[in-house]
Amino acid sequence: MLDKIKWFWRYYRGYPYVLFVLLILTPVQTVFQVSIPRMIEFTVDFLDTGILPSDRLAVWLNNIGQRLELNPEITFGLSFIALGLIAAILYAFVQSHRAWMNIKLEWLFRQDAFNDITYKGPDFFNRFRTGDLVTRMTDDVAEKLSWFACSGIFRLYEALLMVVFTVMMMITIDPWLTLWAAGPLPVLIVIFFKTSSLLDRRYDHLQTRISRFNDIMEACFSGIRVIKAYVREKAQKLKFENAAVDRREAEIASIKASTVIDSLYMYIWQISILIILVGGGYMVMDAGLSRGKLGSFIFYTVWLVFPMFDIGQFLVKSRQSAVSINRLVELEKVEPMVSDAGTIRGNGDIKGGLEFENVKFGFAGSDRDIIGGVSLAIKPGSTIALVGKVGSGKSWLVSLLPRLVDPTGGAIRLDGRDLRQFRIEDLRRSIGYVPQEPVLFSDTVRNNIILGRDEISETVLEWAIDVAQLKDEVDSFPKGLDTFIGTRGMSISGGQKQRLGLARALVGKPRLLVLDDCTSALDSKTESALWERLHQVLPDMTSILITHRPDTLQRADMIYVLEEGVVAEAGTHDILINNGGQYARIYKRFQLEEMVR
């Protein structure tokens, strides 16, 4: 429980004013509210007997009334109205702050979770599915946590205050009758402890089913082309239906449990009303209790029902929210693979010299390294090519440069300084990275290329599009650069996606350009024109290419052949061909593929 309080406190400590209003004004409002039935008691008893009640509060109010030349009936009546108005105003003021804090906390929970996820490494996204992450940041936050985080907690606070102040008022009327009215309390405590583990299991099961349901939807919509191509619509419908049924059953099971427990809390306390009606009525007939005191006692007993309902609801919702907090904390506990502790700013003075010194990389818990000790040196402005079979570690090696992941051994130096010494933001601004699979967003062509970098001019944008051989296609689009390309670029071809990704990298005028086999979807003519244009601009930047294009390999200053995460061969194209090793065999296969194309 203490860890949950600490988790909430890190959000509340930024809003001391709201916390002050909720903590201080709630008991003030409660005091005014619980005083109202006493005014009814004083009025009824005075009208019934004509004798002023001996209660200190009644005497004090009557003295004030006498100074104002008011009768006791009018004094008690005006006091009743005044207390009601003050209590109502304070209640509305407190409630408005609760509502605002609910919305604010929901935004903070979701924003912090999203921001934290964006810094996670590939291991995180291998562990958590997309649908599961969406569920945690929507259903867990909005449906289960945001209301509880403020209204749930402070309704409990208000309910406990109401119970304490009400019981104190009841004791001043008749202690023994109060004791009888509090009889159901031990039963409610037993119910909570008996049902808490059941609620935990039901809510955890429900959130797991919701995550699976959302994950199936996301996977279906993302792969809709493949599903249609293989005529798997019926299979997907059945899969979705089964997930929906599982979610429905989990929802029903959790609602049944919470409804039964809520009802027990609500209705057991109503037994107290029967006790008061029977016992209090007998005491009135026996002249042991006045009519006014019985009336106010009934008011107080009824008022205890709703606070006890809030307490019961809090106990139920707390179990539900605890599950949601645990699911968010589970995301937080996964440490990012890359930390930003660098202090060196790029400031445009990066020349582009690179040095790999016995670089290794592998995931924690794996029995082998993906990169097994790579050492190489790249001069500023040079062009190198990485060649190797699928799974040789080429893509992981270039992913180390923009620090998408960090080496688990060795070091990478840029202009003589370790990459970790640079601020990540400055380092990545200096690198143009085009992955093998281009990632596009449901937005315009312009926004997909600029990607929020508002400092990029229209001239540079047009230059990047021209170099990427995308100009003719952009001109043919209905709205040019402002054409929407659909979810993940579904409205454009694979080759257009790759060239759009290349334009995105070039538009930042990077000092390092990393191209990870980014022309595999291009036809031969377009690819030739692209590389020809790229070679005109590549001398201005250090370039690392993963490619099988023979013409490009011939122009590279140095070629490194990777095999099982290590450098098997290194040299220029002519040297490697003359050696007749692995590169020569790979190159001949590439030539044959070119001839077929």
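All of the numbers you see were taken from the coordinates with simple rules; none came from a lab. Given the structure is predicted, the values throughout are model-derived calculations rather than measurements. Reconstructed Cβ throughout: ideal geometry from the backbone, glycine too, with neighbour counts over all protein chains shown.
Of note:
- Net length gained if the chain between Ile74 and Asp482 were fully extended (0.36 nm per residue, minus Cα distance): 139.5 nm
- Over the chain, dividing the summed -39,500 (n - 2.57) contributions of all DSSP H runs of at least 4 residues by the number of residues returns a 222 nm mean residue ellipticity of -20500 deg cm²/dmol.
- All Cα-Cα distances of segment 452-498, cut into 5 Å bins from zero to the largest, leave 5, 18, 26, 29, 18, 4 percent in each bin in turn.
- Cross-link pairs beyond the 29 Å C-alpha cut-off, checked among Lys471/Lys509; Lys120/Lys497; Lys479/Lys525; Lys234/Lys394; Lys234/Lys389; Lys389/Lys497: Lys234/Lys394; Lys234/Lys389
- Its relative contact order, with pairs defined as Cα atoms under 8 Å and 6+ residues apart, puts segment 354-596 at 27 percent.
- Segments 41-50, 398-407 sorted - mean Cβ within 10 Å per residue, highest first: 398-407, 41-50
- Relative pair counts by distance (%), Cα atoms of segment 354-596, 10 Å bins: 7, 31, 35, 22, 5, 0
- Rounded to the nearest 10 degrees, the inclination of helix 153-173 to the longest alpha-carbon principal axis of the chain is 10 degrees.
- Pairwise label distance in nanometres, Leu160 with Ile24, each label 7 Å out on the Cα-Cβ vector: 2.0
- Cβ crowding within 10 Å averaged over residues, with 457-464, 426-433, 3-10, 490-497 ranked highest first: 426-433, 490-497, 457-464, 3-10
- Calculated log₁₀ intensity ratio I(q)/I(0) where the Debye formula runs over C-alpha points of segment 94-245, q = 0.10, 0.11, 0.21 Å⁻¹: -0.62, -0.70, -1.29
- log₁₀ of I(q)/I(0) at q = 0.19, 0.20 Å⁻¹ - segment 1-127, Debye sum with one point per alpha carbon: -1.03, -1.09
- In degrees, nearest ten, helix 185-222 long axis to first principal axis of the chain (Cα): 30
- Counted over the chain, the DSSP beta bridges are approximately 50% antiparallel.
- In this simple spin-label approximation, Lys351 and His205 carry label points 7 Å from Cα along the Cα→Cβ vector, and these lie 6.7 nm apart.
- Counting only lysines at least 8 places from Lys317 when in the same chain, those with an alpha carbon closer than 27 Å to its own are Lys4, Lys6, Lys104, Lys144, Lys194, Lys256, Lys333.
- Compared with the direct C-alpha span, the chain from Glu241 to Glu332 gains 29.5 nm at full extension, assuming 0.36 nm per residue.
- Sorted from greatest to least, the principal axis extents spanned by the alpha carbons of segment 495-582 come out as 38, 28, 26 Å.
- Pairs of alpha carbons in segment 2-332 whose separation is greater than 37 Å (percent): 37
- Packing-based ranking of 413-422, 322-331, 110-119, 132-141 yields 132-141, 322-331, 413-422, 110-119, ordered from highest to lowest mean Cβ neighbour count within 10 Å.
- Rounded to 10°, Cα long-axis angle of helix 582-596 versus longest principal axis of the chain: 90
- Antiparallel DSSP beta bridges within segment 354-596, percent to nearest 5: 50
- With R₀ set to 25 Å, the beta-carbon distance separating Glu233 from Ser491 gives a calculated FRET efficiency near 0.70.
- If you plug the beta carbon distance of Gln591 and Ser366 into 1/(1 + (r/R0)^6) with R0 = 41 Å, you get a FRET efficiency near 0.70.
- Those residues of segment 536-559 whose amide nitrogen sits under 19 Å from the label point placed on Asp574, 7 Å along Cα→Cβ: 550-559
- Gyration tensor verdict on segment 393-525 (Cα atoms; rounded if a/c is under 1.5, prolate if a/b is larger than b/c, oblate otherwise): prolate
- Stokes-Einstein D (µm²/s) once Rh is taken as the Kirkwood radius of segment 27-70 over alpha-carbon pairs, at 37 °C in 0.692 mPa s: 290
- Here the chain has an Rg and Dmax of 36.0, 121 Å, counting Cα atoms alone.
- Placing a pseudo-label 7 Å from each Cα along the Cα-to-Cβ vector at Val59 and Asn447 gives an inter-label distance of 7.4 nm.
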